[in-house]
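Everything on this sheet refers to the single structure shown next.
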């Protein structure tokens, strides 16, 4: 990422999860003046009941930046000329945009995968490539003109985390280029739009009657899981294996489970209430073997 100074008097940054931090870091390194950071409220994240700040809030506080959870606070600012949005997590109203124009670092090649979960949807759909767009923020969902874009292949072993990190790095470079040339004329989106709807909790449930390829995509894209003896078993890492005749969900080898048109080797799992572990370690502690069905 570049380190040239950005010729803007002041910015507002809006973001929440870890990939947003990559872009925030790039702006800070480039010398951008960030008047305020807007992020989602502290919430329960992961195990435990304590409230945890977003990754963006933690990094912003490390740098002594002003942080708010109330986007309306940007209307009180007088110095900022532009907002930068990276996975903020909420639609921005027309009233806010009238006060402060914004550009968005969006993790897809628009108009494909407008919406909340472009990285996960691209992996689930088996897309061969994706990318990042720097786009104008409008009140409608991801419809604004595009100022710049950068493309990358989706690798066979990409997870939603690894792909999002790579896209954030690409997006940071593209954003710095756009800001260094600001104001920039955007290009209207063209083509058939698709929508990356928010991932529901139930979409992570593995149906062993799917193809082995789709199960592997599901594990790479989502927090995948299956039922095992009445408890949730997280399936964290798998590999696709050749077809073996068996009922869906049946173990055809100590760590290989039959699917519709192939089989899946489980590599890492997370039993309910426990830390992630290798599938081999988990299998040593449970009573299940070849011919048994994981869901029975």
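Among residues of the stretch 57-80 that are touching a residue at least 40 places away in the same chain (Cβ under 8 Å), those with a beta-carbon under 7 Å from a residue that is assigned to a loop (DSSP other than H, G, I, E, B) and exposed (fewer than 13 other Cβ atoms within 10 Å of the Cβ) at least six positions away or on a different chain give the pairs 79/9.
Only one of 287, 232 is surrounded by fewer than 17 Cβ atoms within 10 Å (Cβ to Cβ), part of a loop (DSSP other than H, G, I, E, B) and either on the phi < 0 side of the Ramachandran plot or modelled with pLDDT of 95 or more (or both); which?
Details: 232 fails: part of a loop (DSSP other than H, G, I, E, B).
It is 287.
Screening residue 19 against (1) at pLDDT 95 or above; (2) assigned to a loop (DSSP other than H, G, I, E, B) leaves a single unmet condition, (2). Mind checking whether some residue in the stretch 115-125 is assigned to a loop (DSSP other than H, G, I, E, B), buried (at least 19 other Cβ atoms within 10 Å of the Cβ) and at negative phi? For the stretch 115-125, residues assigned to a loop (DSSP other than H, G, I, E, B), buried (at least 19 other Cβ atoms within 10 Å of the Cβ) and at negative phi: present. A count restricted to the stretch 64-87 and to residues that are surrounded by fewer than 12 Cβ atoms within 10 Å (Cβ to Cβ) and either part of a loop (DSSP other than H, G, I, E, B) or at positive phi (or both) stands at 4. For the stretch 22-32, filtered to residues that are in contact (Cβ under 8 Å) with a residue 40 or more places away in the chain and touching a strand residue (DSSP E or B) at 6+ places or on another chain (Cβ under 8 Å), the residue that is farthest from residue 57 (Cα to Cα) is 32. With respect to residue 24, is the statement that it is within 23 Å of the chain's Cα centre (by Cα), modelled with pLDDT of 90 or more, buried (at least 20 other Cβ atoms within 10 Å of the Cβ) and not in a strand (DSSP E or B) true? So residue 24 fits the description; yes. On the stretch given as the stretch 253-268, residues that are touching a strand residue (DSSP E or B) at 6+ places or on another chain (Cβ under 6 Å) and either in a strand (DSSP E or B) or not assigned by TED's automatic domain parsing to the domain that holds residue 225 (or both) total 9. Condition first: surrounded by 20 or more Cβ atoms within 10 Å (Cβ to Cβ) and under 17 Å from residue 12 (Cβ atoms). Now tell me which residues in the stretch 101-114 satisfy that. Answer for the stretch 101-114, where residues must be surrounded by 20 or more Cβ atoms within 10 Å (Cβ to Cβ) and under 17 Å from residue 12 (Cβ atoms): 102, 103, 104, 105.
The values are calculated or read from the model by the stated rules, or taken from the named source; none is laboratory data. None of the values given here were measured: they were computed from a predicted structure. Don't worry about glycine lacking a Cβ; one is built from the backbone with ideal geometry, like all the others, and counts go over all protein chains shown.
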